[in-house]
1. Grab the chain and count how many Lys pairs have their alpha-carbon atoms under 20 Å apart, sequence gap of 8 or more, or different chains.
2. Please give the FRET efficiency for T215 paired with N132, using the beta carbon to beta carbon distance and R0 = 45 Å, rounded to the nearest 0.05.
3. How about region 198-283: which GluC sites (Glu not before Pro) there are in a DSSP loop, with at most 14 other Cβ atoms within 10 Å of their Cβ?
4. Consider all pairwise Cα distances in the chain and report the whole-number % of them above 30 Å.
5. Provide the net charge surrounding T94, with neighbours chosen by a C-beta distance below 14 Å and charges set as Lys +1, Arg +1, Asp -1, Glu -1.
6. Nearest-5 percent of antiparallel DSSP beta bridges in the chain?
7. For L141, L295, which order do you get if you count the other beta carbons within 10 Å of each Cβ and list the fewest first?
8. Kirkwood Rh, region 15-82, all Cα pairs: how many Å?
Amino acid sequence: MSFVVSTDHLSKRYGGTTVVNDLNLRIPEGCVYGFLGPNGSGKSTTMKMLLSLIRPSSGTIEVFGEPMSRHSRRRLLGGIGSLIESPPGYGHLTGAENMRVVQRLLGLSDQQISFAVDTVRLGEQMNKKVRNYSLGMKQRLGIAMALARQPRLLILDEPTNGLDPAGIDEIRHLLRRLADGGVTVMVSSHLLGEIDKTANVLGILSGGQMLFQGTREELFTASMPDLRLSTADPRHTRSLLNSATDAHLEGGTVRVSSLDHAGASQLIRDLVNAGDEIYEARREEQSLEDVFMHLTTGGGL
Ligand SMILES: Nc1ncnc2c1ncn2[C@@H]1O[C@H](COP(=O)(O)OP(=O)(O)OP(=O)(O)O)[C@@H](O)[C@H]1O
């Protein structure tokens, strides 16, 4: 698989504090990569290192298959569009005037500008002053500015922050359209729900460390849901289980955590051999949000 971004042991320390710790990012070409983690987990710091806005303390970065170095940096950054922190744009200028500033700065064609504006569907708002834009419109203008140079990689830091559900939905669709058009998108959020269905690859960060990286399906497989047992006498069932088993009584059932398939089948066999009456054994349904919360509040995989 070819990776658009790949880092090895990337770390950032401020004084004695490590805020990004030994990160091995792998962002496949053409995906929407959801970079998730609670506030302060190191997402912005990582993105800024990828964009050479801050210098890593250690580790290496490869972009488009080439090491990021003093010599390659300028050229590689030319292929990356980004939106970091608050949306850019001069409030006293119209959307169109802002886009003209970008056009002149980067020496872009009229077609490149109109393609970017059309992609974010801001055409009808271009003659309005940016200070009169809604937050969602400002974010879309910021994305248009990042898109105008037709980057292969787009890095967006919390683009849905502060948006209402309709605005979030619009950004989600936009990201999907971009990825379908061949742009690799890395997008951060502290709320899984905001990019849940858009991202096909997830990286989950907590305390500067990557807790999980892979597809949504791999995440579900790696975080096996709890097993719930309905039995004739749940209290008795619990007493039959080894004290090391992570089990507790809940709603008239016994809920057992951290069991893989082999462990579950052994546990059921042991209970049946001990004469326990089991009516039902099933895996708890869990949402991606549950998995995320479990991971980022110390559960680990
Ligand atoms: N210049 C700095 N000096 C010292 N500490 C810093 C600096 N920049 C960031 N940090 C710390 O690094 C940690 C990670 O911050 P970062 O902004 O990367 O997190 P984040 O996941 O993007 O969170 P948020 O969503 O709140 O922006 C935080 O604890 C922050 O206080």
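Just so you know, all these numbers are worked out from the coordinates, no wet-lab data involved. Computed from a predicted structure; not experimentally measured. Methodologically, a virtual Cβ is constructed for each residue, glycine included, from the backbone with ideal geometry; neighbour enumeration extends over all protein chains shown.
1. Details: K12/K43; K12/K48; K43/K197; K128/K138; K129/K138.
Eligible lysine pairs with Cα atoms under 20 Å apart amount to 5.
2. Details: r = 41 Å, r/R0 = 0.92.
In this case the efficiency is close to 0.65.
3. On the way: sites: E217, E218, E250, E277, E280; in loops: E277.
Within region 198-283, the qualifying GluC sites (Glu not before Pro) (loop, at most 14 other Cβ atoms within 10 Å) are E277.
4. Details: 19723 of 45150 pairs.
Looking at the chain, the distances longer than 30 Å represent 44 percent of pairs.
5. Values: positive: R100, K128, K129, R131, K138; negative: E97, E124.
After counting each charged neighbour, the total is +3.
6. Here the antiparallel bridges make up roughly 65 percent for the chain.
7. Values: L141 26, L295 22.
Least crowded to most crowded, the residues run L295, L141.
8. On the way: mean 1/r = 0.0753 Å⁻¹.
Mean inverse Cα-Cα distance, inverted, gives 13.3 Å.
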